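Enquirer: Below is the structure I would like to discuss, written out as structure tokens.
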Amino acid sequence: MRLRVLVLKEWAELFRIKMVLYSCAFMPLLMAGFAGFMVWQGRTLPPEAQGPLFNAALLYFLILPVMIPATLGVYSVVGEKEQGTLEPLLATPLSDLELFLGKSLVAVIPALLLTWGVFGLFLLAVLFMMPGGIPEGVLSLPWLLSIFGLSPFMALFAALVAMLISSRASDSRAAYQFAGLAVVPVLVPLIVYSARLLAVDLRFVALEGGILVALDVALLYLGIKAFRREEILIRWK
Amino acid sequence: MIQTLGLTRRYGERVAVEDLTLEVKAGEVLGLLGPNGAGKTTTVRMLAGLLAPSAGEAYVAGHRVTREPEKVRPRVGVVPENPGLYKRLTVRQNLRFFAELYGVGDPRRVEEALALVGLAERAEEPVATLSKGLRQRLALARALVHDPPVLLLDEPTSGLDPEAAKEVRDLLAELSLAHRAILLCTHNLAEAERLCHRIAVLKTRLLAVGAPAELKARLFGRRIVVTLARPAPGLPQVLNLPFVRSASLDGAKLFVAVEEPERHNPLLVRRLVELGAEILYVEEEERTLEEVYLELVEGDRAA
Ligand SMILES: Nc1ncnc2c1ncn2[C@@H]1O[C@H](COP(=O)(O)OP(=O)(O)OP(=O)(O)O)[C@@H](O)[C@H]1O
Ligand SMILES: [Mg+2]
């Protein structure tokens, strides 16, 4: 209940910031647009060449679940710090864990909804563009697992990195730039996917998933430690 | 309602508050005075369940801040040093948000709190467009929205114009009548004197606590000021009365500490007239709270 109140307040506030609106409204459309354009360009290629093309297009949908939470995570912590709202917030019955979870959800939920939303749009567009529909073997299980299975862990990773960095950074611009570190875990699939093109197999998705889960658990631990009242009041500057 | 026992807080090596023992009863306003860095804000934070004491204990609204801070927080309203409002949200959104976090379901409470601080007409404006004083009032509304029995106010009238400050003071006076315990940190001594039933002077340690009149009497004793028509050097030395504890002359003003003014003043006046003094006024010396405060704080520095 208090969690919901916190999350709704954050969104009401965050979506009034231009930079946030830009990355949450414009970037997803841009990414889906790029992906669609690639497919459009390759619509006359033979089916076996279209597979790699789709794989490359997929990458755009793995950037979104990292980019959006990084932006939201930084602003939701920096915003409280700059406005000095942490003290009254901490004086309420909100628990430390609720605050931490609330801030994480604020960043993760829109990222996933937007990623999956524009992914749906992209598939619809492909159906219209490709005379023969989506080529055989492209919309494979590993492909779908990447989009639907890996992205929540990526989004959580990016949100936690952003929140932890901005809780410590004394300057919001520095925080925003450092939060770019959150793209590291997508660089891995980026390299692998582009090196091996079509061969996105289940083993790879499971490996990437395992790494992300381990990173997320470590960051959750650090986050819960950092989001303690005393810590916030005394050390966050 | 508020009781502290040997409350102490250290930040690393630095002691911010040391061995503070205080009580604020329901219906009482206690003024917490002290120089910058005296530990007022630290005290408020400990009582609000925000900072753990390094030693000692405090009971706030029936709960221990060390054991059950989560039970203390809903029963306390805090106006922190910095109002800390969401500038992009409107006045009403800000207040609704905090009301909901405090579990206040009834939206009418929000409207009442807004009306109480005179912000009902500006409820739809973003906080960014409010002046400093109006923000301070919104912070006060936020501290009141869940109707807490304990109020902790860290300089709530700083930055307000005289009229707004008076409104806030009148409001605080009313709130204390409703059996709330109020701790008011302030640098405004006139405000403390007008509003607070008792005053505590803090400088890391508690230097003194008591009603303003009590502190004045305790620190300075009661003195009579006799204003003469012209300076009369040597007069204190020739007074020669058994009940006069001390006497001194400052220009045409004679300061005399007598044991019991009600009994001894007439005798003093008769003696002065005998000595040929021309008396214009006789009055009891008015000490200001400022003098009390400075005496305590500077006395502590000398010690
Ligand atoms: N987060 C902190 N870390 C280290 N020292 C602190 C911290 N907060 C306060 N202090 C120190 O504790 C002491 C008491 O500070 P506090 O803010 O409680 O004073 P104050 O009475 O509220 O002062 P002011 O009148 O300036 O508001 C000061 O010496 C201050 O420097
Ligand atoms: Mg202070």
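Enquirer: Could you tell me which of rounded, prolate or oblate describes region B:135-220, using a ≥ b ≥ c as the square roots of the eigenvalues of the alpha-carbon gyration tensor, with rounded for a/c under 1.5 and, failing that, prolate when a/b is larger than b/c and oblate otherwise? Present the calculation step by step, with values, prior to reporting the outcome.
Expert: Values: a/c = 1.91, a/b = 1.63, b/c = 1.17.
Taking the square roots of the gyration eigenvalues as a ≥ b ≥ c, region B:135-220 is prolate.
Enquirer: How far apart, in nanometres, would the label points at B:Glu124 and B:Leu239 be if each is projected 7 angstrom from Cα along the Cα-to-Cβ direction?
Expert: 7.0 nm
Enquirer: Something else now. Counting pairs of alpha carbon atoms under 8 Å apart in space and at least six apart in sequence, what relative contact order in percent does chain A give?
Expert: Working: 274 pairs, mean separation 68.3, N = 237.
Value for chain A: 29 percent.
Enquirer: While we're on this one: Among B:Gly31, B:Tyr11, B:Leu189, pick out the residue whose Cα is farthest towards the positive end of the charge dipole of chain B, where Lys and Arg carry +1 and Asp and Glu carry -1 on C-beta, about the Cα centre.
Expert: The residue sitting farthest along the positive end of the dipole is B:Tyr11.
Enquirer: I need the phi-derived Karplus couplings for region B:162-169: 6.51 cos²θ - 1.76 cosθ + 1.60, θ = phi - 60°, integer Hz, Gly and Pro marked x.
Expert: Each residue's phi maps through the Karplus curve to give x, 5, 5, 4, 5, 4, 5, 5 Hz.
Enquirer: Sort out for me the Cα centre separation of region A:58-121 from region B:215-256, rounded to whole Å.
Expert: What the calculation gives is 71 Å, centre to centre.
Enquirer: Residues of region B:1-27 with amide nitrogen under 18 Å from the 7 Å Cα-to-Cβ point of B:Ala55?
Expert: Only B:4-22 pass the distance filter.
Enquirer: Return the average number of partner chain Cβ atoms within 10 angstrom of each residue Cβ along peptide A:4-13.
Expert: Values: counts 1, 7, 3, 0, 2, 9, 2, 0, 6, 7.
Neighbouring Cβ atoms belonging to other protein chains average 4 per residue here.
Enquirer: Additional query: In peptide B:65-76, what is the residue-averaged number of other protein chain Cβ atoms found within 10 Å of each Cβ? Kindly include the intermediate steps, with their values, before the conclusion.
Expert: Numbers: counts 0, 0, 0, 0, 1, 4, 1, 2, 7, 3, 1, 1.
The shielding value for this peptide is 2.
Enquirer: OK, next. Assuming a ≥ b ≥ c are the square roots of the Cα gyration tensor eigenvalues, decide whether region B:223-284 counts as rounded (a/c under 1.5), prolate (otherwise, with a/b larger than b/c) or oblate. Spell out each step's value before the answer.
Expert: Numbers: a/c = 1.43, a/b = 1.36, b/c = 1.05.
Since a/c stays below 1.5, the shape of region B:223-284 is classed as rounded.
Enquirer: Treat each spin label as a single point 7 Å out from the Cα along the C-beta direction, and report the A:Tyr221 to B:Val269 distance in nm.
Expert: Rounded to a tenth, the inter-label distance reads 8.4 nm.
Enquirer: Here is a follow-up. Work out the FRET efficiency for B:Ala26 and B:Ser246 from their Cβ-Cβ distance, taking R0 = 41 Å, and round it to the nearest 0.05. List each step's numbers first, then the result.
Expert: On the way: r = 41 Å, r/R0 = 1.01.
The value I calculate is 0.50.
Enquirer: Could you work out [θ]222 nm for chain B from helices alone, using -39500 (n - 2.57) per DSSP H run of at least four and dividing by all its residues? Round to the nearest 500 deg cm²/dmol.
Expert: Numbers: 11 runs with 110 residues, N = 303.
So the calculated ellipticity at 222 nm is -10500 deg cm²/dmol.
Enquirer: Right, next: Once amide H atoms are built 1.01 Å from N in the peptide plane, which residues 5 or more positions from B:Ala208, or in another chain, come under 5 Å H to H?
Expert: For B:Ala208, the qualifying residues are B:Val201.
Enquirer: As I understand it, the value is the acute angle between the Cα axis of helix B:289-302 and the longest principal axis of the Cα atoms of chain B; what does it come to in degrees, rounded to 10?
Expert: Taking Cα atoms only, the helix is inclined about 90 degrees.
Enquirer: How charged is the neighbourhood of B:Leu95? Take every other residue with its Cβ under 15 Å from the Cβ of B:Leu95, and add Lys/Arg as +1 and Asp/Glu as -1. Kindly include the intermediate steps, with their values, before the conclusion.
Expert: Numbers: positive: A:Lys9, B:Lys87, B:Arg88, B:Arg92, B:Arg96, B:Arg108, B:Arg109, B:Arg122, B:Arg135, B:Arg137, B:Arg142; negative: A:Glu13, B:Glu100, B:Asp106, B:Glu111, B:Glu112, B:Glu121, B:Glu124, B:Glu125, B:Asp147.
Net of charged neighbours comes to +2.
Enquirer: From the backbone phi of region A:99-105, what are the Karplus-calculated ³J(HN,Hα) couplings (6.51 cos²θ - 1.76 cosθ + 1.60, θ = phi - 60°) in whole Hz, Gly and Pro given as x?
Expert: Result, rounded to whole Hz: 4, 5, 5, x, 5, 5, 5.
Enquirer: In percent, how large is the relative contact order of region B:223-284, given Cα pairs closer than 8 Å and 6 or more residues apart?
Expert: Numbers: 94 pairs, mean separation 30.1, N = 62.
Relative contact order for region B:223-284 comes out at 49 percent.
Enquirer: Over region B:2-216, what is the relative contact order in percent, taking alpha-carbon pairs closer than 8 angstrom and at least six residues apart? Let's see the in-between values first.
Expert: Numbers: 420 pairs, mean separation 63.5, N = 215.
Relative contact order of region B:2-216: 30 percent.
Enquirer: Moving on. Magnitude of the Cβ-charge dipole of chain A, K/R +1 and D/E -1, about the Cα centre, nearest 20 debye?
Expert: Details: 17 positive and 15 negative charges, 76 e Å.
Here chain A has a charge dipole of around 360 debye.
Enquirer: Pick from B:Pro80, B:Pro162, B:Pro148: which is most flexible by mean-square fluctuation in a GNM of chain B where alpha carbon atoms under 10 Å apart are linked?
Expert: Highest fluctuation of the listed residues: B:Pro162.
Enquirer: Taking every DSSP beta bridge that has both residues in the protein assembly as shown, what percent is antiparallel when rounded to the nearest 5? Display every interim value, and only then the final one.
Expert: Values: 35 of 52 bridges.
In the protein assembly as shown, approximately 65 percent of DSSP beta bridges are antiparallel ones.
Enquirer: I've got another one for you. For region A:67-94, list residues with backbone N below 12 Å from a point placed 7 Å from the Cα of A:Ser172 toward its Cβ?
Expert: Backbone N within reach: A:74-85.
Enquirer: Please compute the net charge surrounding B:Arg109, taking Lys and Arg as +1 and Asp and Glu as -1 over other residues with Cβ under 13 Å from its Cβ. If you can, show how the numbers build up before the last one.
Expert: Details: positive: B:Arg92, B:Arg96, B:Arg108, B:Arg142; negative: B:Glu100, B:Asp106, B:Glu111, B:Glu112, B:Asp147.
Here the charged neighbours net out to -1.
Enquirer: So, one more: With springs only between Cα atoms under 10 Å, which of B:Gln237, B:Gln93, B:Gln136 fluctuates most in a Gaussian network model of chain B?
Expert: B:Gln237
Enquirer: Local charge sum around A:Trp11 (other residues, Cβ-Cβ under 13 Å, Lys/Arg +1, Asp/Glu -1)?
Expert: Once positives and negatives cancel, what remains is +3.
Enquirer: With no solvent and one point on each alpha carbon, what is the Debye value of log10 I(q)/I(0) for region A:2-235 at q = 0.11, 0.13 Å⁻¹?
Expert: -0.58, -0.77
Enquirer: Would you grab the residues whose amide H sits under 5 Å from the one on B:Ala16? Only those 5+ places off in sequence or on another chain, please, with H modelled 1.01 Å from N.
Expert: B:Arg9, B:Arg10, B:Tyr11
Enquirer: Taking square-rooted eigenvalues a ≥ b ≥ c of the alpha carbon gyration tensor, is the protein assembly as shown rounded, prolate or oblate, where a/c under 1.5 means rounded and, failing that, a/b exceeding b/c means prolate?
Expert: On the way: a/c = 3.83, a/b = 3.25, b/c = 1.18.
Here the protein assembly as shown falls in the prolate category.
Enquirer: Oh, and also: Provide the per-residue ³J(HN,Hα) series for region A:112-127, in order, calculated from phi with Karplus coefficients 6.51, -1.76, 1.60 and θ = phi - 60°, each as a whole number of Hz, with x at glycine and proline positions.
Expert: These are the phi-based 3J(HN,Hα) values: 5, 4, 5, 4, 5, x, 6, 5, x, 4, 4, 4, 4, 4, 4, 4 Hz.
Read-outs: derived from the displayed coordinates by stated rules, not from any lab. Given the structure is predicted, the values throughout are model-derived calculations rather than measurements. Cβ atoms come from the backbone with ideal geometry, glycine included; neighbour counts cover every protein chain shown.
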